[in-house]
Amino acid sequence: ALQQRLNNARNALQHRLHLPETVLAVSSADGLRGVKDFKAVLRSTAQDREAFPQMGEMIPNSYARLGAAVESLRDTSPHMPWDRFAEEVGQVAGVADEAELHRAVEFQHMLGTLWHRNDDELLARTVFLSLSFIIDVMKYVVRHDHEEATVFDASVKDGMDADGFKVVKKLFLRKGIL
């Protein structure tokens, strides 16, 4: 596992995104000043084979079908267990081979169509079809107003009274213990 992470880090260093050296000022308020130059730099950057070595490569139709299947499901299923994903989405896309499915998912991950980490045992069990779902979840976790947002709700029947809730809330806010 450690060797794989090291290999991934080396690969990432070899395929770093090269940013343009110049900054272009663009204004929509001033007769679209700078837009023509921006389009030219954007076009040139997008076609840079060193920055994007996969650009222009042919991809299997099954990879495109997988991406389309993910897009059609993401509103109803923002995430899915790997086994269910492989069975349902892989089958729709026409990818039955496990290794090929992993390559197709990795490709769609690089495009930003879905999010999946195969190098982590826990994360490998789930495919996130909606990246905005991940962001929405993180907004509830990473926040500044836990003191105000964490309130007792007597309608929740979990056996906890208001005093017990205060103790648990204090442990959570002070020590991160749930």
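Structure data summary
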quantity: Hits in the stretch 140-178 - residues which are among the charged types (D, E, K, R), in a helix (DSSP H, G or I) and either exposed (fewer than 10 other Cβ atoms within 10 Å of the Cβ) or touching a residue at least 12 places away in the same chain (Cβ under 8 Å) (or both); calculated: 147, 148, 163, 166, 169, 174, 175
quantity: Residues (open to solvent by less than 60 Å² (accessible area, probe 1.4 Å) and not in a helix (DSSP H, G or I)) located in the stretch 106-137; calculated: 112, 113, 114, 116, 119, 120, 126, 127, 128, 129, 130
quantity: Residue 32 vs. criteria modelled with pLDDT of 80 or more and surrounded by fewer than 10 Cβ atoms within 10 Å (Cβ to Cβ); calculated: no
quantity: The stretch 76-105, residues that are assigned to a helix (DSSP H, G or I), of a type in the set (Asp, Glu) and exposed (fewer than 15 other Cβ atoms within 10 Å of the Cβ); calculated: 83, 87, 88, 98
quantity: Residue list for the stretch 37-71, restricted to those being among the hydroxyl-bearing types (Ser, Thr, Tyr), surrounded by 13 or more Cβ atoms within 10 Å (Cβ to Cβ) and out of contact with any helix residue (DSSP H, G or I) (no Cβ under 8 Å at 6 or more places or on another chain); calculated: 45
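The values are calculated or read from the model by the stated rules, or taken from the named source; none is laboratory data. The structure presented is a predicted model; accordingly, all values stated were derived computationally and were not measured. In this analysis, Cβ positions are derived from the backbone assuming ideal geometry, glycine residues included, and neighbour counts consider all displayed protein chains. Accessible surface areas use protein heavy atoms only, side chains included; no ligands, DNA or RNA. Shrake-Rupley method; radii C 1.70, N 1.55, O 1.52, S 1.80 Å.
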